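Structure first, then comments.
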Amino acid sequence: MKSNTDFQQIERFKEDLDRCTKCGFCMASCPVYREERTEGSVARGKIMLVRALLDGEITADEMAEQLDRCTLCLACTENCPAGTRVPSVVAAARADKVRLKGLSFPYRLVYRWLLPRRRMFGYTLRLASWFQGIFLPRTEGTIRHLSFFLSALGKGRHIPQIAPRFLRQTVPEVNKPPAGVAVKYTVGYFTGCMTDFVFPELGEKIVSFLNRNGVAVVVPRGQGCCGAPVFLGAGDFATGRRMADANVKAFKELDYIITDCATCASAMKDYVRFLADTDERKRDYAAYAGRIKDITEFLVDVLKLPPSAYRVAPEYRGKTVTWHEPCHLGRYLGVREQPRQILKSIPDIKYVEMPDAARCCGMAGTFSINFYELSKKIADKKVASIAATGAGIVVTGCPGCELQLIDGTRRHNMPQKVMHIMELFE
Amino acid sequence: MIDSNIIDRLRRIAGNENVLAAREDLLAYSYDATNTWKHAPDVVVLPVNVAQVSEILRLASENRVPVTPRGGGTNVSGGSVPIKGGIVLCTTRLDRIIEINRANLHAVVEPGVVLQDFNTALARQGLFFPPDPQSFAGCTMGGVVAENSGGPSCLKYGVTRQYVLGLEVVLADGTVVKLGGLTPKNRTGYELAMLFTGSEGTLGVISRIILRLLPAPKASRTIVAAFDDVATAGETVSSIIAGSVLPSKVEFVDNWTFEKFRGLLPDETLDSSQVILLIQVDGLPETVEAETQLVEATCQQNTPWIKVAVDSTEAERYWQARRAHFSDISSRAHTIVNEDVSVPRDKIAEFIRLSQESARRHDVPISFAGHVGDGNFHPVVLTDNRDREHYQRALMCVDEIIETALSLGGVLSGEHGIGLEKQRFLKKALDPAAINIMKKIKDVLDPLHILNPGKIWEEDSKIPLNPFRVNPSG
Ligand SMILES: Cc1cc2nc3c(=O)[nH]c(=O)nc-3n(C[C@H](O)[C@H](O)[C@H](O)COP(=O)(O)OP(=O)(O)OC[C@H]3O[C@@H](n4cnc5c(N)ncnc54)[C@H](O)[C@@H]3O)c2cc1C
Ligand code: SF4
Ligand code: SF4
């Protein structure tokens, strides 16, 4: 038995580790197992590897790759009669490995240094996008093949261009409803890296949509990356904590923290689960988590908007629309009905539910960088579901999924437009 | 430890990506769903076609390397644990559904197809493969056939054996044999496909399966009833069947695992009852309604608490709670000894009473669940194999329970098979002449004993079979 101090984080999730009874109920639903068909890739196998690590039968290095092959999609937990929260164990084991062994080179640079420095990250991306423009051929529309810094993400992946102007440059810090519209709420908007740097039009739409419906929107300048790739993906809890503290501080005075990114929302709700190392952080992180709302959740449960408030942009009227449910929205945040309720209620579009709408798309940030081939295979199942609906538009609630679905549909030369649900509206 | 040369040759046969030899990979193939057996293989190979299976076996025969076939690794008998190391031949990448034939009501599948995926594909065409081991989300068709699995539905529909029309099997020397055929009636020679059904990977590797299908029942209903005592529940089941209703499922759990039913049944009922029965009837809607009423009326004579699920969503909640039994009971103790005896239906109450007495005598906790409709029971003794003394008492209790089942005219294993877990009882449970015939069959089909060695019969071998043996590094 290794000394417990080596595995502090795993020890914190020991209950989950012990809970697994090896029944195998998680097999049919694990997206990674469905492709790989090896025991090490399924939730049960991961639990057994971590147990073997604690028993000193294998080393952290030996365990690492199998643990990285996990999208943290939570499908196993949903099907587990024992309620084993496998993603917690996986994230904790990654964290202990990082503490013992450190981060490998490109991650060290990006995660420890770049992501926590929001402005610097923006400049680097901008630089990358110039290179992209000069050296790489354009593909259709705004989609380009990207390499260089984003080569980590790239590897031939279809990736949208870095926006010419970031959201923080186009939207003021405080956005009041237009004259004549009474202010019902004042909320904070957590924009997330993707909306800020890649999809700023989405952010602008959300701000004006909220304003029009009587919500004042503050976009605190002090906010940064949610930290998901850092503490969940790479297991760097120390840096993750710094990022969490910055976000908590930035949104201190606001009643609600609205997100358009399910991954950001659930990662931030998980600060308390993974990063709270002191009583003070426990309290702050829990209070922070309680104020986070996905945009659709806010619109349906808090604002209770009538269908007439959702005015579909002219170019999308009459179209057939389907919905991909992000793991982080459905399984993590329990937001399943709200987006569907919106989509079903608007008369201007035809809504069709896709088969296995809640199945993981295979993006999972760092996972899709490390295992792009595997990630593509998982996406192919999703793409087949999309094709089966006959819809012209796929909407979702997470820019990460959006990237993956854009890549998947393009690779298969499918015509579907992929976008965030809020982009449907005027 | 096998020669690295063999691993290289396996890579040439199956391709690099289908051969696993890293320590962490081997460890992942060292266990099944039991918590007593663990032993790592030297190498894992995941063939993608039958030609590879054949070549792998030929190579293993030539070099006398043990080969343990494995599907999902969900068995609870130690069956897929490579207790003598060597090669694990895992079929999970042989996962094509080759044909579903609606007109002829048959399907042809590869062994690595997961039962749940098969069921989903059948449901789309209104078809039905009844055997329903509760591990359907992980077990494979090869495992289902090799264990001759059954589940709740077997009360009305029978076990896997009743649905196997034909098999393609690869023998230990690599010979590929086709057995049986596509038609439900086939009286051509010995029933060799049956020999491999339930053979637990000891006679050959099943590489293709032809199954008989049924049209899916048009309707079904689930009835839940809670009882004060086991005997009354048992009598109720007998009365239902005596009243000419053959439910598709009759399942039973005792109050050890009522927690999973919290929120589904009223707390007062759960707190005051000993047993829950879950009953399902299926067929045409008219029949289902009539049978539901009959079942309800029969239950009412014995208990005040009955509920008919209003729809399939509610019904599925009850069945989910039933499926969680294994997980729930496993979490109640460090080690569980999960038995799998089957007794004639009219002996159920007596069997449970005697087993409870035995548990009391040995001072060990015991829980019961099972497919009470067909008399197949899972008495579970809760213990801790790190506490030698307690574990010994638990094993003694289990011995007595098995003796009890046999003396009541029952059998040692209803569905889980012998594997490693039950081999010490085999001599008690079978006619010595029968064991003799089995061994001769084994000698004919696998003369070098390379296939799943160490399983089913206790060997007079040199390697002691020790449940505590852990050897992850091979
Ligand atoms: C929670 C739980 C509930 C269960 N419920 C039931 C139940 O209701 N009814 C029931 O019958 N069983 C049940 N089981 C036991 C088990 O799941 C079944 O026996 C299942 O059919 C095994 O399938 P598998 O693919 O996991 O096989 P494995 O566990 O991989 O292997 C089982 C045996 O079959 C052999 N084998 C596998 N594939 C092949 C092949 N292609 N050719 C030759 N031999 C092969 C192996 O060598 C091994 O001996 C349950 C298990 C669990 C954990
Ligand atoms: S379903 Fe849960 S208990 Fe069962 S093997 Fe998977 S993680 Fe373990
Ligand atoms: S979180 Fe998803 S990918 Fe990871 S083990 Fe569970 S089901 Fe598999």
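The values are calculated or read from the model by the stated rules, or taken from the named source; none is laboratory data. These figures come from a predicted structure and were not determined experimentally. Note: ideal-geometry Cβ built from the backbone for every residue, glycine included; neighbour counts use all protein chains shown.
Details
- Between B:T120, B:T140, the distinction of being within 16 Å of ligand 2 (Cβ to nearest atom) and either away from every other protein chain (no Cβ under 14 Å) or β-branched (V, I, T) (or both) belongs to B:T140 only.
- Counting the residues of the range B:40-97 that are closer than 15 Å to B:P111 by Cα, in a loop (DSSP other than H, G, I, E, B) and more than 11 Å from chain A (Cβ to nearest Cβ) gives 3.
- Matching residues, the range B:136-152, being more than 6 Å from ligand 1 (Cβ to nearest atom) and farther than 15 Å from B:V113 by Cα: B:N148, B:P152
- From B:R96, B:R64, residue being free of Cβ contacts under 8 Å to residues at least 24 places away in the same chain and out of contact with any Pro (no Cβ under 9 Å at 6 or more places or on another chain): B:R96
- Residue, surrounded by the fewest Cβ atoms within 10 Å (Cβ to Cβ), within the range A:1-46, restricted to residues that are among the acidic types (D, E), modelled with pLDDT of 95 or more and within 26 Å of the chain's Cα centre (by Cα): A:E35
Residue-wise test of (1) surrounded by fewer than 16 Cβ atoms within 10 Å (Cβ to Cβ); (2) within 30 Å of A:R34 (Cβ to Cβ); (3) β-branched (V, I, T).
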{"position": "A:F298", "(1), (2), (3)": "no, no, no"}
{"position": "A:G318", "(1), (2), (3)": "yes, no, no"}
{"position": "A:K344", "(1), (2), (3)": "yes, yes, no"}
{"position": "A:G365", "(1), (2), (3)": "no, yes, no"}
{"position": "A:A391", "(1), (2), (3)": "no, yes, no"}
{"position": "A:G397", "(1), (2), (3)": "no, yes, no"}
{"position": "A:R410", "(1), (2), (3)": "no, yes, no"}
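- Total residues in the range B:101-117, condition more than 16 Å from ligand 2 (Cβ to nearest atom) and touching a helix residue (DSSP H, G or I) at 6+ places or on another chain (Cβ under 8 Å): 6
- Test result for B:F258, surrounded by 23 or more Cβ atoms within 10 Å (Cβ to Cβ), within 30 Å of B:W37 (Cα to Cα) and under 26 Å from the mean Cα position of the chain (by Cα): no
- Residue list for the range B:1-31, filter: in contact (Cβ under 8 Å) with a residue 60 or more places away in the chain and within 14 Å of another protein chain (Cβ to nearest Cβ): B:N18, B:R23, B:L26, B:L27, B:Y29, B:S30
- Candidate set from the range B:296-331 (those that are part of a helix (DSSP H, G or I), more than 10 Å from chain A (Cβ to nearest Cβ) and among the hydrophobic types (A, V, I, L, M, F, W, C)); member that is surrounded by the most Cβ atoms within 10 Å (Cβ to Cβ): B:C299
- Only one of A:L17, A:L54, A:L49 that is more than 8 Å from chain B (Cβ to nearest Cβ) and either under 24 Å from B:V76 (Cα atoms) or not aliphatic (A, V, I, L, M) (or both): A:L17
- Among the residues of the range B:98-117, just one is part of a helix (DSSP H, G or I) and either under 22 Å from B:G419 (Cβ atoms) or away from chain A (no Cβ under 13 Å) (or both), namely B:L115.
- Residue check, A:A82 of a type outside the set (F, W, Y) and under 23 Å from the mean Cα position of the chain (by Cα): no
- Taken together, the criteria place B:H334 among residues that are surrounded by fewer than 17 Cβ atoms within 10 Å (Cβ to Cβ) and either modelled with pLDDT under 95 or farther than 22 Å from B:D374 by Cα (or both).
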